[in-house]
Each structure stands twice: as C-alpha cells, then as structure tokens.
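The values are calculated or read from the model by the stated rules, or taken from the named source; none is laboratory data. Note that this is a predicted model, so its numbers are computed, not measured. Positions of Cβ are backbone-derived with ideal geometry, glycine not excepted, and every protein chain shown enters the neighbour counts. The area values use the complete protein model at the heavy-atom level, side chains included, leaving out ligands, DNA and RNA. Shrake-Rupley method; radii C 1.70, N 1.55, O 1.52, S 1.80 Å.
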Amino acid sequence: MQKKSIRNKLSIAGILVTLGIVYGDIGTSPLYVMNAIVADSGGLQHATPDYVIGSISLIFWTLMLVTTVKYVLIALRADNNGEGGIFALYALVHKNARWLMIPALIGGAALLADGTLTPAVTVTSAVEGLKGQAFGKLVFSQDQNVVVLTTIIILLLLFMIQRFGTSTIGEAFGPIMFLWFALIGVIGFVNMVPNLEILKALSPVYAIKTLFSPANKVGVFILGSVFLATTGAEALYSDMGHVGKKNIYASWPFVYGMLTLSYFGQGAWLIRNYHSQAATGFANPFFEVIPANMKLFVIIVATLAAIIASQALITGSFTLVAEAIRLKILPRMLIKYPSTERGQIYIGNVNWLLCLVTLAVTLYFRTSEHMEAAYGLAITVTMLMTTLLLHSYLAHKINRLAALLISLFFGAVEVVFFTASIVKFAHGGYVTVIITCLILAVMAIWYYGNKIRDRHESEREYVSLLAYRNQLVELSADETVPLYATNLVYMAKMKPGHMIKRSMLYSILDKRPKRARVYWFVTVVITDDPYTLKYKVDMMDTKSVVNVTLYLGFRRNQWINVYIRQIIQDLMREGKVDYQPQRYTTIPNRHVGDFRFVVLQELLSPATNISNLEKLVIGARIWLQNHTASPVQWFGLEFSDVSIEAVPLILGERHHIKLKQVK
C-alpha cells in the first residue's frame with residue numbers, strides 16, 4: 001500500500017516528519033553556540049552581563065532576519081516543482097543571465113562541503129557531554145579517544161540507514177526532535193525566569209552595542225560564532241522537497257520559539273554564574289543549565305538530536321546532487337526512490353562519499369572545539385550565492401527596486417558574517433575550503449565540458465535515421481553477412497526529426513557491418529508519476545527498424561532488456577515484427593531471439609582541433625563520464641549481452657592531411 005504524500009498536505013504527521021528531517025542542524029546549535037561565544041570573550045570571568053545580553057540579541061536577530069525572513073518567508077516561495085535548494089533556485093532563474101551559473105556552482109559546492117563537517121561537529125559535541133556521566137555502575141570515559149570512537153560508530157550507523165529513505169527516517173526521528181525542542185525550551189524558560197533582564201536581548205540595540213563594546217574582545221569577529229546559530233537555514237531550504245513548504249511554515253514558529261528560550265536560558269545562567277564559576281573553570285553552558293536529576297536523560301536526547309542533525313545535511317545533499325544531475329552540473333549517478341515521493345531520494349555514491357569525508361574530518365579535528373573553529377565558513381559563501389540568485393528570481397516576481405533593496409540588505413548582512421568567518425580559515429576553515437574547491441572542480445569540469453562539446457560538436461555528428469533506413473533494411477536481409485545478433489539494441493536518445501548520433505550508424509554499417517533481424521533504437525523518458533510503465537513504437541514503415549520511447553515512472557527499475565522482450569512479443573502478436581523461432585533453446589515454443597546491447601564509449605580523438613585548455617576540460621569530463629554510473633548500470637544491463645565499443649570524439653574543425661608519395 002502506498003504511503004500518502006506529505007509534501008502537499010499539512011498534517012500532524014507531516015509536521016513530525018518535518019521535525020525529524022529538516023531541523024536537526026539548526027535545532028542542535030544550542031549545543032555549541034554559547035560555548036563558542038564565551039570562548040571568544042576569553043572565558044566565563046570575562047563574559048559580563050552586557051556582553052551576554054548583546055550576544056543573545058545577536059543570535060535572536062540573526063535567526064529572525066536570516067532564517068525566518070530570508071529563508072522561511074522568501075526563499076521557500078522560490079520552489080521548482082516543490083523542490084528547494086540552490087540548484088532548484090538556479091533552475092528557475094538560469095534563463096535570466098548566463099553568469100548566474102557561477103554563483104550556483106560555488107554555492108552548491110560550498111554547501112556540500114559544509115555537509116561533511118556538520119555531522120562531525122554536532123555528534124562530537126553531544127558525545128562530549130557524556131564524559132563522566134554514570135549509566136548505573138558504568139561511567140562514560142573522560143578520554144577523548146573514546147569520544148572519537150563513539151562518534152565514528154554513531155556516524156557509520158547514521159549513514160547506513162539512509163537507504164531506507166527520509167520518510168521512514170522522519171517518522172522515527174520526528175517524535176525525538178519534538179521531545180528535544182520541548183526539553184530545551186522548558187529548561188531554557190526555567191533558567192530564564194530568575195533573570196528576566198535577559199529579555200533586553202529582544203531589542204536589536206543591545207546587539208549593535210555589543211559589536212563595538214570593549215567587553216567584546218574579538219569585535220565584529222564575534223559574528224563568526226553567532227552565525228553558527230543559523231547554519232541549518234540552507235539545509236532547511238534544500239529539504240523542502242522532502243516534506244513540503246506547508247509543513248515547514250507550520251513547524252518553524254515552534255522551533256524558533258524553543259531555540260529562543262534555550263539561548264535566553266543559557267544567557268540567564270551565564271549572568272548568574274560568571275563570577276562564581278571563574279575560579280573553577282568553565283563548562284559548556286548548555287549542559288550546565290540542565291537540572292542534575294535530568295542531566296543524563298537530556299544528554300542522551302541531545303546525542304540522538306545530534307544524530308538527527310546530520311540527517312538534515314545528508315538529505316539536503318541528496319537533493320542538491322539530484323538537481324545538479326538534472327541541470328548537467330554533475331555526472332549521472334544512480335538515484336533510488338525509497339518512497340512514492342520523487343523528492344525523497346537516496347544516492348548511494350553521495351552517501352558513502354559524505355560518510356568517508358565526515359569520518360576523516362572527525363579523526364583530523366578530534367574535538368568539537370577544533371571543529372567549531374572551522375565550522376560555518378563555507379555556509380556563509382552558500383548564503384551569499386543564494387542571495388544573488390534570489391535577487392534574479394525576485395526581480396521577475398516583484399518590483400525591481402524592491403528586489404534590489406531586499407538583496408542588498410541580506411547581501412550586506414551576509415558579507416559581514418563572511419568577513420567575520422574569514423578568521424576561521426587558519427584555524428581549520430581551510431579544510432572545508434579545500435573540499436569546496438574539489439567539488440567545485442568536478443562541477444566546473446562537467447558543466448563547462450558539456451558547453452565546450454556543444455559549441456564545437458559539428459552538426460555532421462547527428463544524422464537522420466530515416467536517411468539510413470533502407471540500408472538497415474537491406475543489411476538485415478543480406479544473408480551473405482554473418483548474423484551479429486537477432487535483436488541489436490542501441491540506447492539512442494532520439495532527437496526530433498529522428499536525429500541520432502552518427503557514431504551509432506557508423507557502429508552498425510561501417511566499423512564492421514552488424515546484421516540483425518531487428519534494429520532497436522530506444523529512448524527512455526522518466527516521468528513524475530512513480531509507477532508509469534508505458535511505451536510508444538514507431539516502426540518507420542519497416543519490420544526491422546524500430547524506434548521505441550519508454551515512459552518509466554521514477555520508481556520503476558530501468559530493466560531495458562525485460563521491457564524490450566515484452567514489446568517485441570506485443571509487436572509479434574500484432575504482426576509488426578516477424579517471429580524469431582529458436583532451434584536451440586531451454587524455453588519451449590520460444591519465439592523471441594537473442595538480444596545484444598551496444599554501448600558506445602567516447603574517447604577524445606587526437607584529431608580534435610580545440611585549445612589545450614578545452615582539451616584538458618573535455619578529457620577530464622570524459623574520464624568522469626566513464627568512471628561514474630555507466631550505461632550498463634543505469635539501464636539495468638548487468639546480466640545482458642553487452643558490447644562496449646570505443647568511438648572517437650572529434651571536436652572543432654577537422655584538418656585533412658595528405659601524404660605525398662616518394663618514388
């Protein structure tokens with residue numbers, strides 16, 4: 001029985017799934033944000049009440065302006081058929097200006113890179129809270145090596161369950177996140193009541209004063225720590241396709257309210273304790289505000305919430321990669337759909353690559369303090385790039401002047417945050433910058449490689465199948481040529497006018513004539529309906545040349561060999577294709593002959609006449625194409641008879657070389 005869609009329906013169940021999928025990252029920020037801000041002051045003894053109130057005010061207004069206004073109220077409206085994220089936004093605006101591809105590439109690469117750090121920092125922060133905690137007679141070790149090992153085990157389990165899909169995960173995680181937000185909200189409120197002066201933080205005046213206060217030893221760079229409170233905003237936008245904007249609209253006020261109470265409660269505790277605790281050292285205020293009799297329980301829930309926090313970035317990464325593949329920004333990868341929602345996807349290659357890099361980051365930094373120093377730099381870049389794309393979107397939706405003012409405002413805010421985060425580069429930010437550059441290089445190679453190819457590929461590379469129809473019919477009937485296969489299948493991706501790649505016909509007619517009873521040219525179209533299973537046939541006025549278009553739902557397996565066998569049986573019954581009786585067979589009364597699939601693998605020809613830089617990009621693109629999802633995997637042909645043929649890719653103007661005979 002199919003599960004009901006949660007994307008287009010507002011419901012309690014949908015809100016719970018949303019809590020479990022979308023808010024993990026931003027919801028666990030109270031674990032480390034105040035810790036980083038107090039560290040910026042030089043320790044608890046220097047965190048004066050004015051400094052604390054101003055810092056809380058900065059957090060409150062950052063969440064209000066960046067997360068609530070920019071993302072929840074504005075960005076969520078910019079959806080591409082229900083999908084969100086920077087690539088979905090680019091898909092809406094790419095026709096407005098070509099240069100918009102640059103911010104889309106940079107922003108997407110930065111967000112994917114930041115996604116490798118989020119699971120590491122959130123889970124490590126929570127597990128560190130377990131240090132010294134007693135579980136009956138057992139006491140959790142104070143050794144950081146145990147923390148690292150525990151974190152790695154938790155992360156491995158998290159990445160292993162991704163294959164079950166975000167709907168299943170959201171249903172399991174949703175109640176836990178609801179409990180998490182309720183706990184931090186109630187604990188924050190209880191700690192806030194004795195020191196209601198913390199409510200001054202609701203005024204933005206205190207936020208501005210703190211930026212220039214002598215008590216703030218790092219000046220504007222405090223925003224690098226404040227920004228950690230809103231790092232999940234971009235993931236919130238990316239995960240829209242998994243849960244739908246209605247459920248995000250309904251759940252965000254609750255989430256924002258509980259986060260505010262948690263920060264205000266931590267701030268009130270700091271005001272009460274910064275003198276008394278100065279001599280004994282400083283502990284994370286998040287864990288200090290928890291009542292002693294609840295501490296173990298809250299820390300366990302915090303650990304679960306931290307695990308869920310990683311979920312938001314992982315699912316957001318799946319969405320980003322899927323959008324990038326559709327836009328031809330990344331190579332083709334195998335995408336699985338665990339539910340009937342097209343927005344809920346699983347990409348194995350991305351999942352395990354993220355897992356590998358996240359584990360490497362955990363082993364490299366080892367402590368949450370070191371990770372926090374690197375955290376957030378890449379995401380500020382993504383937010384700036386999103387603002388550029390949003391400006392183009394808003395300029396075509398509302399008044400151009402209003403769009404410019406909105407974009408300038410958010411751009412100015414994010415430039416300040418980016419400037420404040422630059423200081424993190426030397427303290428670990430270089431790790432995310434390196435990862436960003438590597439991802440960006442892959443995206444740029446694939447995207448611009450396609451552009452170079454399209455620009456230099458001659459129109460002669462495409463020919464009309466109709467022009468060679470008679471030759472194919474004659475070859476099929478020519479008994480003097482050995483039979484290569486009864487049914488010869490090419491995945492043709494037919495263009496209007498029966499236009500196909502010349503290399504396919506060259507493979508059949510020139511390389512070595514391949515005689516077959518029937519030549520099949522198959523085009524696959526993936527539909528938005530999950531279970532579509534239809535086909536259309538153009539016999540081209542023959543019995544031996546068949547143009548097939550398969551319409552498959554996104555949840556359907558692309559078992560091309562199975563589908564072609566059914567189609568040929570249908571055509572035989574209709575008399576459109578001759579029967580193919582087999583003399584030697586294990587199947588009684590078999591009327592369908594053998595199949596052979598030919599896959600053409602392009603290699604850059606030495607005859608290519610383009611610049612050296614373009615050759616380098618095209619060569620790298622072909623290498624990526626041949627080392628990602630192959631046509632054999634993509635079309636489910638692993639157990640079929642497949643021939644892989646190398647064909648030359650010749651780009652640019654061809655030079656004809658003539659030899660002179662020496663007598």
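Are any of the residues in segment 113-120 closer than 24 Å to Ser310 by Cβ, more than 17 Å from the chain's Cα centre (by Cα), touching a residue at least 24 places away in the same chain (Cβ under 8 Å) and assigned to a helix (DSSP H, G or I)? Quick ask: steps written out before the conclusion?
Step one: filter segment 113-120 for residues closer than 24 Å to Ser310 by Cβ, giving 113-120.
In the following step, the residues that additionally are more than 17 Å from the chain's Cα centre (by Cα) were identified as 120.
Restricting the remaining residues to those that are touching a residue at least 24 places away in the same chain (Cβ under 8 Å) gives 120.
Keeping just the survivors that are assigned to a helix (DSSP H, G or I) gives 120.
Checked against the condition, which is being closer than 24 Å to Ser310 by Cβ, more than 17 Å from the chain's Cα centre (by Cα), touching a residue at least 24 places away in the same chain (Cβ under 8 Å) and assigned to a helix (DSSP H, G or I), segment 113-120 yields at least one hit.
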message: I'd like the full set of residues that are in a helix (DSSP H, G or I), open to solvent by less than 10 Å² (accessible area, probe 1.4 Å), modelled with pLDDT under 90 and not hydrophobic (A, V, I, L, M, F, W, C), limited to segment 141-192.
response: Thr151, Gln162, Thr166, Gly170, Gly174
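Looking only at segment 612-627, count every residue that is farther than 30 Å from Asn487 by Cα and without any contact (Cβ under 8 Å) to a residue 40 or more places away in the chain and tell me the total.
We begin by selecting, within segment 612-627, every residue farther than 30 Å from Asn487 by Cα; these are 612-621, 623-624.
Adding the requirement that they be without any contact (Cβ under 8 Å) to a residue 40 or more places away in the chain leaves 612-613, 615-616, 619, 623.
Number satisfying all stated conditions: 6.
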message: What are the pairs with Cβ atoms under 8 angstrom where one residue, in segment 239-253, is over 22 Å from Glu323 (Cα atoms) and the other, located anywhere, is at pLDDT below 90 and open to solvent by 10 Å² or more (accessible area, probe 1.4 Å)? Sequence gap at least six, or different chains.
response: Ala250/Leu10; Ala250/Ile15; Ser251/Ile15
- line: Over segment 392-411, the set of residues open to solvent by 60 Å² or more (accessible area, probe 1.4 Å) and assigned to a helix (DSSP H, G or I) is Arg400, Leu401, Leu404, Leu405, Leu408, Phe409
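Per-residue answers, yes or no, for (1) in contact with a Ser or Thr (Cβ under 9 Å, 6 or more places away or on another chain); (2) open to solvent by less than 90 Å² (accessible area, probe 1.4 Å); (3) at pLDDT below 85:
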{"residue": "Gly593", "(1), (2), (3)": "yes, yes, yes"}
{"residue": "Ala607", "(1), (2), (3)": "no, yes, yes"}
{"residue": "Ala620", "(1), (2), (3)": "no, yes, no"}
{"residue": "Asn626", "(1), (2), (3)": "no, yes, yes"}
{"residue": "His655", "(1), (2), (3)": "no, no, yes"}
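Would you kindly identify the helices (runs of 4 or more DSSP H) lying entirely within segment 194-248 that contain at least 2 residues that are of a type in the set (Val, Ile, Thr)? Write out each step before concluding.
Numbers: elements: 204-211, 223-226, 233-238, 240-243.
In segment 194-248, 204-211 are the helices (runs of 4 or more DSSP H) which contain 2 or more residues that are of a type in the set (Val, Ile, Thr).
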field: Whichever residue in segment 451-471 is at pLDDT 85 or above, out of contact with any helix residue (DSSP H, G or I) (no Cβ under 7 Å at 6 or more places or on another chain) and open to solvent by less than 80 Å² (accessible area, probe 1.4 Å) and, among such residues, is nearest to Ile208 (Cα to Cα)
entry: Ser464
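Each row is one residue, and each column tells you yes or no for (1) within 18 Å of Met491 (Cβ to Cβ); (2) open to solvent by less than 10 Å² (accessible area, probe 1.4 Å); (3) at pLDDT below 85.
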position: Arg517; (1), (2), (3): no, no, no
position: Trp520; (1), (2), (3): yes, yes, no
position: Pro530; (1), (2), (3): no, no, yes
position: Asp538; (1), (2), (3): yes, no, no
position: Asn561; (1), (2), (3): yes, no, yes
position: Gln566; (1), (2), (3): yes, no, no
position: Arg583; (1), (2), (3): no, no, yes
position: Asn589; (1), (2), (3): no, no, yes
task: Only residues that are out of contact with any Pro (no Cβ under 7 Å at 6 or more places or on another chain) and either at pLDDT 80 or above or surrounded by fewer than 19 Cβ atoms within 10 Å (Cβ to Cβ) (or both): list them for segment 18-34, please.
output: Thr18, Leu19, Val22, Tyr23, Ile26, Gly27, Thr28, Ser29, Pro30, Leu31, Tyr32, Val33
Search result, residues across segment 472-486 that are in contact with an Asp or Glu (Cβ under 9 Å, 6 or more places away or on another chain) and at pLDDT 90 or above: none
- prompt: Cβ-Cβ below 7 Å, separation at least six or inter-chain, first residue in segment 41-65 and modelled with pLDDT under 90, second open to solvent by 50 Å² or more (accessible area, probe 1.4 Å): which pairs?
  reply: Ser41/Lys217; Gly42/Lys217; Gly43/Phe282; Leu44/Gln277; Leu44/Phe282
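Which of the following residues is open to solvent by 40 Å² or more (accessible area, probe 1.4 Å), modelled with pLDDT of 80 or more, within 26 Å of Leu199 (Cβ to Cβ) and in contact with a Phe, Trp or Tyr (Cβ under 9 Å, 6 or more places away or on another chain): Phe254, Phe264, Phe286, Phe227?
Phe254
Look at Asn609 and say whether it is out of contact with any Gly (no Cβ under 6 Å at 6 or more places or on another chain) and among the polar types (S, T, N, Q). First the steps, then the outcome.
Numbers: out of contact with any Gly (no Cβ under 6 Å at 6 or more places or on another chain): no; among the polar types (S, T, N, Q): yes.
Against the criterion (out of contact with any Gly (no Cβ under 6 Å at 6 or more places or on another chain) and among the polar types (S, T, N, Q)), Asn609 does not qualify.
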query: Which is at positive phi, of a type outside the set (A, V, I, L, M) and modelled with pLDDT under 80, of Gly281, Gly316, Gly241?
result: Gly281
field: Breaking point among (1) on the phi > 0 side of the Ramachandran plot; (2) in a helix (DSSP H, G or I); (3) of a type outside the set (S, T, N, Q), for Lys328
entry: (2)
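Does Ala485 fit the bill of being among the small types (Gly, Ala, Ser), open to solvent by less than 20 Å² (accessible area, probe 1.4 Å) and either in contact with a Cys (Cβ under 7 Å, 6 or more places away or on another chain) or under 27 Å from Asp641 (Cβ atoms) (or both)?
Numbers: among the small types (Gly, Ala, Ser): yes; open to solvent by less than 20 Å² (accessible area, probe 1.4 Å): yes; either in contact with a Cys (Cβ under 7 Å, 6 or more places away or on another chain) or under 27 Å from Asp641 (Cβ atoms) (or both): yes.
For Ala485, the condition - among the small types (Gly, Ala, Ser), open to solvent by less than 20 Å² (accessible area, probe 1.4 Å) and either in contact with a Cys (Cβ under 7 Å, 6 or more places away or on another chain) or under 27 Å from Asp641 (Cβ atoms) (or both) - is met.
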query: Considering segment 628-648 alone, what residues qualify as being assigned to a strand (DSSP E or B), free of Cβ contacts under 8 Å to residues at least 60 places away in the same chain and either among the polar types (S, T, N, Q) or open to solvent by less than 30 Å² (accessible area, probe 1.4 Å) (or both)?
result: Ser643
field: Count of segment 606-634 residues which are farther than 29 Å from Leu334 by Cβ and either touching a His at 6+ places or on another chain (Cβ under 9 Å) or not charged (D, E, K, R) (or both)
entry: 9
So Tyr430, is it within 30 Å of Ser368 (Cα to Cα), of a type outside the set (A, V, I, L, M, F, W, C) and surrounded by fewer than 18 Cβ atoms within 10 Å (Cβ to Cβ): yes
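Between Met499, Met494, Met504, which is under 23 Å from Leu649 (Cα atoms), among the aliphatic types (A, V, I, L, M) and open to solvent by 40 Å² or more (accessible area, probe 1.4 Å)?
Numbers: Met494 fails: open to solvent by 40 Å² or more (accessible area, probe 1.4 Å); Met504 fails: open to solvent by 40 Å² or more (accessible area, probe 1.4 Å).
Answer to the selection: Met499.
Taking the residues in segment 6-17 that are closer than 26 Å to Gly115 by Cβ and at pLDDT below 75 as candidates, determine which candidate is least open to solvent (accessible area, probe 1.4 Å).
Taking segment 6-17 as the starting set, the residues that turn out to be closer than 26 Å to Gly115 by Cβ are 6-7, 14-17.
Within this subset, residues satisfying the condition of being at pLDDT below 75 are 6-7.
Numbers: Ile6: 24, Arg7: 40 Å².
Out of the qualifying residues, it is Ile6.
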- prompt: Does any residue of segment 45-57 turn out to be surrounded by fewer than 24 Cβ atoms within 10 Å (Cβ to Cβ) and of a type in the set (A, V, I, L, M, F, W, C)?
  reply: no
- request: Identify the residue in segment 499-515 that is modelled with pLDDT under 85 and not basic (Lys, Arg) and, among all such residues, is farthest from Gln580 (Cα to Cα).
  value: Ser503
